[in-house]
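Worksheet for the structure shown next.
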Amino acid sequence: MFSKVIVATDLSAASEGVLHCAKGLIPLGAKHAILVHAIGVPHLETMAHGMAHFLEPHLVKQKAFLEDQGFETETVLAPGPAVIEVNRIAQDRQVSLIVVGTHGATLAREMLIGGTAMGIVHQASVPVLVIRLKITEEEGGVRCVSACQDLRRHILFCTDFSKTAERAFQYVERIVQSGAGFVTLLHVQDKTRIGRHLEHRLEEFNQTDQERLERLKARLEEAAEVNVRIQIPYGHPVEEILRITEEEQDDTLIVMGSQGRGFLAQVFLGSVSHQVVRRAPVPVLLVPALR
């Protein structure tokens, strides 16, 4: 499923936390890792060359760590901005997944996902695994800890029944085939959309969507032996997704399409998927629409 992956790194302590999550991709078929660091100084070849000489030892260290995890690993020092370079390399090298962390070189407490990571998500033509990194203090210092263990233990699949959500579900099926233990199928009845004028039809909507989710459940149970639960709460989608994630606590992987209904109008204002990425305390796998 994810045979060749890009791991984006800024060579900071935060990016080392991302590397610790990479081993969770091996059961999902990952064998080859491309460790990419974008210098961010395009058209300044002399400066980029000097920076490459300084950064190479740090990149080699991270390469060795991935190799110890079992990956065949290569490194790329790219001259331009990360948003452009990571997605360019993903297309050129036909990778199946991009892995990126939520923190950059600054380890500010409670920092939300940075512009670089979000830019990669916006531009990506392949799935992106966004790793949440937690900042902790130890003996007066700061340490960055990745919030992931077994990516297959519990899958929270969020769907609006769009074509992109269907594409994301195909990845859930593959994860289940690789040995996922538990899946929650979630559709939120959007209180904002339904409002007072359609609230009297909520039972009807629930019945229709229950049937849709039952069909998805049957597909998963045909794929492998797995425990599947269905939830159809009524409320605001982002808040409900985050609430259920908090209730489940550790070892949850959220899977969702990165562009649902109304994407063109919402993407720069914050779609549900992008708001979830910004706020979720667990890894999020975003599957883009076909372009």
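Is it the case, given these coordinates, that VAL126 is assigned to a loop (DSSP other than H, G, I, E, B), modelled with pLDDT of 75 or more and closer than 22 Å to ASN87 by Cα? If you could, list the steps in order and put the result at the bottom.
Numbers: assigned to a loop (DSSP other than H, G, I, E, B): yes; modelled with pLDDT of 75 or more: yes; closer than 22 Å to ASN87 by Cα: yes.
So VAL126 passes the test.
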Count of residues meeting criterion [outside any helix (DSSP H, G or I) and either modelled with pLDDT of 90 or more or within 18 Å of GLY119 (Cα to Cα) (or both)] in segment 54-107 | 25
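Can you tell me how many residues within segment 242-271 are modelled with pLDDT of 90 or more and under 17 Å from GLN123 (Cα atoms)? It would help to see each step written out before you state the result.
In the first step, residues of segment 242-271 are kept if they are modelled with pLDDT of 90 or more; the result is 242-245, 253-257.
Filter once more, keeping what is under 17 Å from GLN123 (Cα atoms): 256-257.
Of the residues in that region, 2 qualify.
Condition (residue is aromatic (Phe, Trp, Tyr), more than 22 Å from the chain's Cα centre (by Cα) and at pLDDT 95 or above) applied to segment 232-241: is it met by at least one residue? Talk me through it step by step, then tell me what you get.
Keep residues of segment 232-241 that are aromatic (Phe, Trp, Tyr), which gives 234.
Cutting the leftovers down to more than 22 Å from the chain's Cα centre (by Cα) gives us 234.
Now restrict to residues that are at pLDDT 95 or above: 234.
Scanning segment 232-241, I find at least one residue that is aromatic (Phe, Trp, Tyr), more than 22 Å from the chain's Cα centre (by Cα) and at pLDDT 95 or above, so the answer is yes.
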Just checking, which of VAL183, VAL176 is of a type outside the set (Ser, Thr, Tyr), under 19 Å from ALA165 (Cα atoms) and not in a helix (DSSP H, G or I)?
-> VAL183
Does at least one position in segment 142-161 carry a residue that is at positive phi and modelled with pLDDT of 80 or more?
-> yes
Check VAL282, VAL277 and return the single one that is in a loop (DSSP other than H, G, I, E, B), in contact with a strand residue (DSSP E or B) (Cβ under 7 Å, 6 or more places away or on another chain) and either surrounded by 17 or more Cβ atoms within 10 Å (Cβ to Cβ) or modelled with pLDDT of 90 or more (or both).
-> VAL282
Is at least one residue of segment 237-247 in a helix (DSSP H, G or I), more than 23 Å from ARG132 (Cβ to Cβ) and in contact with a helix residue (DSSP H, G or I) (Cβ under 9 Å, 6 or more places away or on another chain)?
-> no
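The values are calculated or read from the model by the stated rules, or taken from the named source; none is laboratory data. Since we're looking at a predicted model, the values are computed, not measured. We place every Cβ from the backbone using ideal geometry, glycine too, and count neighbours over all the protein chains shown.
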